[in-house]
1. Here are some residues: Pro109, Pro91. Which one is of a type outside the set (A, V, I, L, M), under 22 Å from Thr146 (Cβ atoms) and modelled with pLDDT under 95?
2. Give the residue that is surrounded by the most Cβ atoms within 10 Å (Cβ to Cβ), with candidates limited to residues of segment 30-52 that are closer than 22 Å to Val76 by Cα and over 45 Å from the mean Cα position of the chain (by Cα).
3. Kindly evaluate Phe118 against the criterion of being in contact (Cβ under 8 Å) with a residue 60 or more places away in the chain and over 30 Å from Gln254 (Cβ atoms).
4. Name the one entry in Asn197, Asn179, Asn209, Asn216 that is in contact with a Pro (Cβ under 7 Å, 6 or more places away or on another chain) and at pLDDT below 75.
Amino acid sequence: MKKYFSPISVITLILLTSVQAKSQVKISNSSGTVNTESILELESSSNNKGFLLTRIALQSTTSASPLTAHSAGMIVYNTATAGSAPNNVTPGMYYNSGTSWIKLSAKAPKIGDIKNGFQTADHKGWYLLNGRVVSTLATNPKARATALGFTTNLPDATDRFLKNTGGTDNLATASGTDNFTLTQANLPNVTFTGTTNVTGNHTHTYTDNPVNSATNGVVSGTNNPISDTSSVNDNTTTDGNHTHSLSFTLGSSQPVNIQPNNIVTNVFIYLGN
């Protein structure tokens, strides 16, 4: 047996509390079939009416009040902001688990949303950002990727952090590095100066009129230009105290690693199914 009720008839139905309905019920302001899978169906022929839940003021997620007890499956719209964290409540739809109230606040992803995750492959409309060719995607995800501006490849997020745009850079452009090498221009403005120790007056010996020999730089058998053939040792003139200049060699151009401590994840983009 199938019954149809107009909105006015609902009042009558509520008043007839002694009657037990053991059939499918449809509340509508027009005739039509009842969904065979439902025990109660609501319908508006104008398609501009909604279902208004019971509105009550909850006190906290752990308290059943203003109900007398927790009832698993109970759904209400809470109008109050009350309680203390972590058991506080705010306006919105809540269902009862049998021991507490739980807020219905699921957020559906939007095309182009980005997330980090420990998943290793595409899942539920989320696609791994691994630089893949867009043409390899299924028809719908491919069209959505193209609409986002990815006509050739998806961005490759491998071993990269996500950065907010500075306004002048291009979205989805890979840039940056995890190390750098200091140059002289990066060093502090420091001037290095220095001198060697003063060694005092000193001289150097030399040999005058050496014996003709290859060792002394004179080819044996040739005439030495000095008439005195004896070897005479003598000293150079004393030059006094003096210094020598110094040069400094610093570093070995070893790159500096600037990658902070991190936890490794994969990056996904939502393109839907």
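1. Values: Pro91 fails: under 22 Å from Thr146 (Cβ atoms).
Within the list Pro109, Pro91, the selection yields Pro109.
2. Within segment 30-52, the match that is surrounded by the most Cβ atoms within 10 Å (Cβ to Cβ) is Glu41.
3. Working: in contact (Cβ under 8 Å) with a residue 60 or more places away in the chain: yes; over 30 Å from Gln254 (Cβ atoms): yes.
When the stated conditions are applied, Phe118 passes them.
4. Values: Asn197 fails: in contact with a Pro (Cβ under 7 Å, 6 or more places away or on another chain); Asn179 fails: at pLDDT below 75; Asn209 fails: in contact with a Pro (Cβ under 7 Å, 6 or more places away or on another chain).
After ruling out the rest, the residue left standing is Asn216.
Residue-wise test of (1) loosely packed, with under 14 Cβ neighbours inside 10 Å; (2) farther than 26 Å from Gly272 by Cα; (3) hydrophobic (A, V, I, L, M, F, W, C).
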| site | (1), (2), (3) |
| --- | --- |
| Tyr77 | no, yes, no |
| Asn96 | no, yes, no |
| Lys107 | yes, no, no |
| Ala121 | yes, no, yes |
| Lys124 | yes, no, no |
| Val133 | yes, no, yes |
| Thr136 | yes, no, no |
| Pro141 | no, no, no |
| Ala147 | yes, no, yes |
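The values are calculated or read from the model by the stated rules, or taken from the named source; none is laboratory data. Worth saying up front: this structure is predicted, and the values here are computed from it rather than measured. A quick note on method: Cβ atoms are made from the backbone with ideal geometry, for glycine too, and the neighbour counts reach across all protein chains shown.
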